[in-house]
Amino acid sequence: MPATVTTDKVEQTIVSALAELGPERDEITRDATFEQLDIDSLDLVEVAQVIEEEFGVEIKGEEAEKLNTVGDAIDLVVAKAS
Amino acid sequence: MSREGSALVTGASRGIGAAIARALAAEGWPVGVNYRSDQDGAKRVAREIERAGGSAEPVPGDVSDAGAADSIVGALEERFGTVLVLVNNAGVRADGLSPQIGDEDWERVLDTNLSGAFRLTRRALRGMMRARFGRVVNVASIVGQRANPGQANYAASKAGLVGLTGTVAAEVARRGVTVNAVAPGLVETEMTNGVGQERFLDAVPARRAGTPEEVAACVRFLVSEEASYVTGTTLTVDGGLTA
């Protein structure tokens, strides 16, 4: 069962998925860009997989391409889940 | 030697697929022996592997079905853990000269040989990327590069596999996942009966057909730790036919 989607829960999930890919937790703020965090397109695919498993929300390739910051990703997942 | 994770070989109830399943089991991989219709054959292959001290499980599923990748990989992961080795071997032929290949025969061959391989690769890459290790081997054919009149659909599917191999390899190389292909020439199996063996044999410098085991040995290498820097390539196994 997908978890209930709240902004906090999405943020926690995305931050911990990103933290596993290299950046330090305190660097991962809403305003941080993926470029600053050294998160590439393949990393985002992995994050998208975690999101899909956790919330049942599918993020397409073209949507992922437009994401610049951690906040963008959080907002997209919350918007798609509601 | 036993390993964490498992190997999946599609179309492994006989021929080249069965030889590959046995070879990977001998390397210590628990093996999923996928089959579409030949359940007896798949059970026989699994039994042989277990008798030789390995682990194997027959896994039903027609790779041309859109939902098959999930059910096949899911079944194997439940039994043996993450699929870290995927060998896309399942293949069908429906020969005819191009003007006479109907849509159905075109689609059936492409769906099984190419789309099936893509869907399984897409599904299995999830676990491989997470594990930072994976091996995908696509069983192509020299017909992907060298014309064999009467096999336009088969050739297109096999050439497609070679293109798929290189691109996916480049995408996932930095995760420790390698993606390669083998391109067998004329190999003695049920599937090659009636492909015009005699005509081909004269052109084979080795003057004989290959065996499924000779193809399996190449797959075994590509799957090994030692092949960790080999990716995106196609290893031709054809007795010199395309040399």
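Read-outs throughout are calculated quantities, based only on the coordinates presented, and are distinct from any laboratory measurement. These numbers were taken from a predicted model, which means no experiment stands behind them. Don't worry about glycine lacking a Cβ; one is built from the backbone with ideal geometry, like all the others, and counts go over all protein chains shown.
On C-alpha positions alone, give me the angle between the axis of helix B:68-80 and the longest principal axis of chain B, in degrees, nearest 10.
Roughly 40 degrees, rounded to the nearest 10.
Counting only other chains, and only Cβ atoms inside 10 Å, what mean value do you get across the residues of B:121-130?
2
If I stretch the segment between residue B:43 and residue B:26 completely, what's the gain in nm (0.36 nm per residue apart, minus their alpha carbon distance), one decimal?
4.4 nm
How big is the range B:1-125 in terms of Cα radius of gyration and Dmax, in angstroms?
When restricted to the Cα atoms of the range B:1-125, Rg and Dmax are 14.7, 52 Å.
Are any of the pairs A:60/B:158; A:66/B:158; A:9/A:60 more than 25 Å apart by Cα-Cα distance, and if so, which?
Checking Cα-Cα distances, A:60/B:158; A:66/B:158 exceed 25 Å.
Order of B:36-49, B:152-165, B:175-188, B:222-235 by packing, highest average Cβ count within 10 Å first?
The peptides rank, most packed first, as B:175-188, B:152-165, B:36-49, B:222-235.
Once phi is turned into θ = phi - 60°, what whole-Hz ³J(HN,Hα) does the Karplus curve with 6.51, -1.76 and 1.60 give for every residue of the range B:44-51, x standing for Gly and Pro?
Using θ = phi - 60°, the values come out as 5, 4, 5, 5, 4, 5, 5, 5 Hz.
Give the average, rounded to an integer, of partner chain Cβ atoms located within 10 angstrom of each Cβ in A:42-49.
Mean shielding count: 3.
For residue B:181, which sequence-distant residues (separation of 5 or more, or a different chain) have an amide H within less than 5 Å of its own amide H, given hydrogens modelled in the peptide plane?
B:138, B:233, B:234, B:235
Across peptide B:150-161, how many C-beta atoms of other chains are within 10 Å of each residue C-beta, on average?
That average works out to 0.
Relative contact order, percent, of the range B:139-237 when contacts are C-alpha pairs under 8 Å separated by at least 6 residues?
34
For a quick size check, give me the Cα extents of the range B:6-237 along its three principal axes, largest first, whole Å.
Computed over the range B:6-237, the largest-to-smallest principal extents equal 45, 38, 34 Å.
Would you work out which of B:142, B:189, B:167 lies farthest towards the positive end of the dipole of the protein assembly as shown, given +1 charges on the beta-carbon of Lys and Arg and -1 on that of Asp and Glu, about the Cα centre?
Towards the positive end, the residue furthest out is B:189.
Assigning unit charges at the beta carbon (Lys, Arg +1; Asp, Glu -1) and nothing else, what dipole magnitude in debye, to the nearest 20, does the range B:6-237 show about its Cα centre?
640
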